[in-house]
1. Ser56 fails exactly one of the following numbered conditions: (1) buried (at least 18 other Cβ atoms within 10 Å of the Cβ); (2) small (Gly, Ala, Ser); (3) without any contact (Cβ under 8 Å) to a residue 40 or more places away in the chain. What is the number of that condition?
2. It is to be established whether one or more residues within segment 162-179 are among the aliphatic types (A, V, I, L, M) and within 18 Å of Lys68 (Cα to Cα).
3. Looking at segment 135-187 only, could you name the residues that are without any contact (Cβ under 8 Å) to a residue 40 or more places away in the chain, among the polar types (S, T, N, Q) and touching a Phe, Trp or Tyr at 6+ places or on another chain (Cβ under 6 Å)?
4. Quick check on segment 76-91: of everything there that is touching a helix residue (DSSP H, G or I) at 6+ places or on another chain (Cβ under 9 Å) and at pLDDT below 95, which residue is surrounded by the most Cβ atoms within 10 Å (Cβ to Cβ)?
5. Please list, ordered by residue number, the strands (runs of 3 or more DSSP E) wholly in segment 19-74 having 1 or more residues that are of a type in the set (A, V, I, L, M, F, W, C), closer than 20 Å to Glu120 by Cα and within 22 Å of the chain's Cα centre (by Cα).
6. I'd like the full set of residues that are charged (D, E, K, R) and within 28 Å of Leu170 (Cα to Cα), limited to segment 47-65.
7. Would you be able to say whether some residue in segment 99-116 is under 24 Å from Asp6 (Cβ atoms) and loosely packed, with under 13 Cβ neighbours inside 10 Å?
8. Going through segment 37-53 one residue at a time, which ones are surrounded by 19 or more Cβ atoms within 10 Å (Cβ to Cβ) and aromatic (Phe, Trp, Tyr)?
Amino acid sequence: MEILKDFEFDFDAGLLMRKLKIAEGSEDETEFKELVNKALSIANPKAIYLEGFVESMADDSVVINGVKFTSLTLRKNLENTERVFAYIATCGAELNSVKFDQYEFLKEYWWDTIKGYFLEIARNKLMGYIKKRYMLNKTATMAPGGGEAGIWHIEQQKQLFALFGDVEKLIGVRLTETYLMIPNKSVSGILFPTERDYSGCKLCRRKNCPGRSAEFDEELWNSIGIEAALKLKEKRR
């Protein structure tokens, strides 16, 4: 297990201003840059990962480092894989501790966007570090709750966090009773080597999703046998 923090990075405030449609020279720009400076003074995005090994597989489950994960898609993706990397990355509790007055809706929205930027810094640094250290070529990731419901249930966040122990103590991230992460700008999942292009978006049929990075792949959906697995689960209930 290894914790990564104290990243070196360049913060592109102009990029975020364009994303937020903040005009240069405006009063909004002044207020936004004040928030950026505040964030830069306290931010410490972090990430944690560990090397895991696939110990056994069943029809719709896989055991990694003694922890059982239930997901047909995960099991299919790891069929020819022995080693994986579990990870959690976050913008950091420092940014999450900043609060705004109840009427400062715009500033709170800007701050959330800034937090997202720091999360991407942590995530990108983590992925680059793992790939370089372990000399990985092509990789993909899966996350509990990512993609369409039933692909890998969000409740499995509990099992993923169990691989690490006290994640809140380690990097300041905790799970709510509904398995969401706090700080909200945090991500978790399993990174694995693969020769096949995989994205959770390819197994999501939801239309008009603003975060979509790939089109739904019906051939991939059918090849994994998700529809049949979901129907079988429904019959067992």
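1. Of the numbered conditions (1) buried (at least 18 other Cβ atoms within 10 Å of the Cβ); (2) small (Gly, Ala, Ser); (3) without any contact (Cβ under 8 Å) to a residue 40 or more places away in the chain, the odd one out for Ser56 is (1).
2. Step one: of segment 162-179, the residues among the aliphatic types (A, V, I, L, M) are 162-163, 167, 170-171, 173, 175.
If we keep only those that are within 18 Å of Lys68 (Cα to Cα) as well, we get 162-163.
Scanning segment 162-179 turns up at least one residue that is among the aliphatic types (A, V, I, L, M) and within 18 Å of Lys68 (Cα to Cα).
3. Filtering segment 135-187 for residues without any contact (Cβ under 8 Å) to a residue 40 or more places away in the chain gives 135, 145, 149, 154-155, 157-158, 165-166, 168-169, 174-180.
Going one step further and asking which of them are among the polar types (S, T, N, Q), we end up with 157, 176, 178.
Within segment 135-187, Gln157 is the sole residue that qualifies.
4. In this case the residue turns out to be Asn77.
5. On the way: elements: 46-57, 61-64, 67-70.
Output list reads 46-57.
6. Of all residues in segment 47-65, those charged (D, E, K, R) come to 51, 55, 59-60.
If the condition is that a residue be charged (D, E, K, R) and within 28 Å of Leu170 (Cα to Cα), then Glu51, Glu55 are the ones that fit.
7. The first filter runs over segment 99-116 and keeps only residues under 24 Å from Asp6 (Cβ atoms), leaving 111-116.
In the following step, the residues that additionally are loosely packed, with under 13 Cβ neighbours inside 10 Å were identified as none.
Taking every residue of segment 99-116 in turn, none turns out to be under 24 Å from Asp6 (Cβ atoms) and loosely packed, with under 13 Cβ neighbours inside 10 Å.
8. Within segment 37-53, the first condition is being surrounded by 19 or more Cβ atoms within 10 Å (Cβ to Cβ), and the residues that meet it are 39, 43, 45-49, 52.
Within segment 37-53, just Tyr49 meets the criteria.
The values are calculated or read from the model by the stated rules, or taken from the named source; none is laboratory data. None of the values given here were measured: they were computed from a predicted structure. Note: ideal-geometry Cβ built from the backbone for every residue, glycine included; neighbour counts use all protein chains shown.
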